[in-house]
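Following: one structure in structure tokens, then a few remarks.
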Amino acid sequence: MLLSTIALFFSLILSPRSVLAASSHPAELLQALQAAASTQSFSDKFTAQVWLVDMSNRLKRFIPNAHARLRLLKQVHIEASKHQLMPELVLAVIEVESHFKADAVSVAGAQGLMQVMPFWKKEIGRSEDNLFDMHTNLSYGCTILAYYLKKEANNLTRALARYNGSIGHTKYPERVMRAWVKHWQPG
């Protein structure tokens with residue numbers, strides 16, 4: 001594990017183009033990565049860069065633009081860390097909920113990346129909050145997921161079912177866990 005992390009880090013330093021995405025400006029991407037890695041939600045800059053590169057490569061199929069990926073990943077890590085959630089779990093929830101489409105709207109009216117229902121604005125926010133805004137949506141979604149985890153004594157299956165509004169059913173939690181294992185599981 002440590003050797004693969006070190007190899008990943010050096011591949012970033014030696015060839016940012018191949019690691020972060022095809023771009024005519026690899027120095028710009030490296031700069032963006034270093035800026036994203038400066039957030040306080042990571043224990044250190046090395047860990048941040050390794051995680052961001054790894055997750056950026058995984059996210060590439062959903063978000064082709066490297067700068068947009070880094071922006072999203074940084075914000076996911078900040079909000080997940082703030083609520084003591086695994087950022088990879090949040091990524092799995094986003095994959096299942098919206099396939100990383102910030103403007104997604106469900107048939108039930110849920111909005112944005114984490115498909116937050118508008119009634120939550122009255123419960124935990126302000127009526128003028130924009131659930132299509134990435135920062136706002138991630139803040140709401142992580143707050144709600146953390147709330148349900150606490151309410152369900154850290155039972156992830158039940159918390160995810162509550163998040164989806166399907167308490168008592170396991171189809172949604174199973175989809176999130178499959179996405180986590182297939183695409184986001186660390187290591």
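The values are calculated or read from the model by the stated rules, or taken from the named source; none is laboratory data. From a predicted model like this one, the values you see are computed outputs, not experimental measurements. Every residue, glycine among them, receives a Cβ derived from its backbone with ideal geometry; neighbour counts consider all protein chains shown. Heads up: the accessible areas ignore ligands, DNA and RNA and are worked out on the full protein's heavy atoms, side chains in. Shrake-Rupley method; radii C 1.70, N 1.55, O 1.52, S 1.80 Å.
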Within segment 94-109, the residues that are outside any loop (DSSP other than H, G, I, E, B) and among the hydroxyl-bearing types (Ser, Thr, Tyr) are Ser98
Those residues of segment 80-105 which are open to solvent by 40 Å² or more (accessible area, probe 1.4 Å) and hydroxyl-bearing (Ser, Thr, Tyr) amount to Ser81
Taking segment 156-172 and keeping only residues that are more than 18 Å from Pro87 (Cβ to Cβ) and either among the acidic types (Asp, Glu) or without any contact (Cβ under 8 Å) to a residue 60 or more places away in the chain (or both), one is left with Thr157, Arg158, Ala161, Arg162, Asn164, Gly165, Ser166, Ile167, Gly168, His169, Thr170, Lys171
For segment 110-138 the number of residues that are assigned to a loop (DSSP other than H, G, I, E, B) and surrounded by 11 or more Cβ atoms within 10 Å (Cβ to Cβ) is 13
Checked against (1) touching a Leu at 6+ places or on another chain (Cβ under 8 Å); (2) not in a helix (DSSP H, G or I), Leu70 satisfies every condition except (2)
The residue from Ala153, Ala146, Ala179 that alone is over 11 Å from Val93 (Cα atoms), open to solvent by less than 30 Å² (accessible area, probe 1.4 Å) and either in contact (Cβ under 8 Å) with a residue 24 or more places away in the chain or not charged (D, E, K, R) (or both) is Ala146
Picked from segment 56-77 (must be of a type in the set (A, V, I, L, M, F, W, C) and touching a residue at least 60 places away in the same chain (Cβ under 8 Å)), the residue nearest to Pro186 (Cα to Cα) is Val76
Selection over segment 157-176 where residues are over 17 Å from the mean Cα position of the chain (by Cα), surrounded by 18 or more Cβ atoms within 10 Å (Cβ to Cβ) and over 17 Å from Ala110 (Cα atoms) yields a count of 2
